[in-house]
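Report on one structure; see the data block that follows.
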Amino acid sequence: MTISELVRTETASPMTQPMTVSLGELHDQAGQVDDELLPCRANNPELWFAESPADVEAAKALCQDCPVRALCLDGALERREPWGVWGGQLFLQGVVIPRKRPRGRPRKNEVAA
């Protein structure tokens, strides 16, 4: 499994503290946007914590047009979310991973499937 660490490159000015994003702040920002524009509220929330790689990719794709995507991703990185799709990225044990692999051993021969 490939694990990559995603670090935000935007930094606050030297006179201010780094930006911290709580779940409450994310909720407040999302409350100012119509629920129809927030994919995690307009669709089944279980999709963002799915086991199927196809469902995870679908959730990541839905996040791409979300108006609070950057805030969601920043908060998830700071909180080191244990799992799920946050801000269009998949988290596992607090680290961003590129894709979810199915359980079990890979097939030796695709035709046998």
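Taking the stated definitions as given, is Trp86 out of contact with any strand residue (DSSP E or B) (no Cβ under 7 Å at 6 or more places or on another chain), surrounded by 13 or more Cβ atoms within 10 Å (Cβ to Cβ) and at pLDDT 75 or above? Criteria met by Trp86. Check region 5-26 and report whether any residue there is among the hydrophobic types (A, V, I, L, M, F, W, C), at pLDDT below 90 and not in a loop (DSSP other than H, G, I, E, B). Scanning region 5-26 turns up at least one residue that is among the hydrophobic types (A, V, I, L, M, F, W, C), at pLDDT below 90 and not in a loop (DSSP other than H, G, I, E, B).
Report yes if some residue within region 56-68 is β-branched (Val, Ile, Thr) and under 17 Å from Val96 (Cα atoms); otherwise report no. So far as region 56-68 goes, yes, one or more of its residues are β-branched (Val, Ile, Thr) and under 17 Å from Val96 (Cα atoms).
Looking at (1) assigned to a helix (DSSP H, G or I); (2) surrounded by 14 or more Cβ atoms within 10 Å (Cβ to Cβ), which one does Glu46 not meet, given that it meets all the others? Status for Glu46: all satisfied but (2).
The values are calculated or read from the model by the stated rules, or taken from the named source; none is laboratory data. Computed from a predicted structure; not experimentally measured. Note that we place each Cβ from the backbone using ideal geometry, even for glycine, and neighbour counts take in every protein chain shown.
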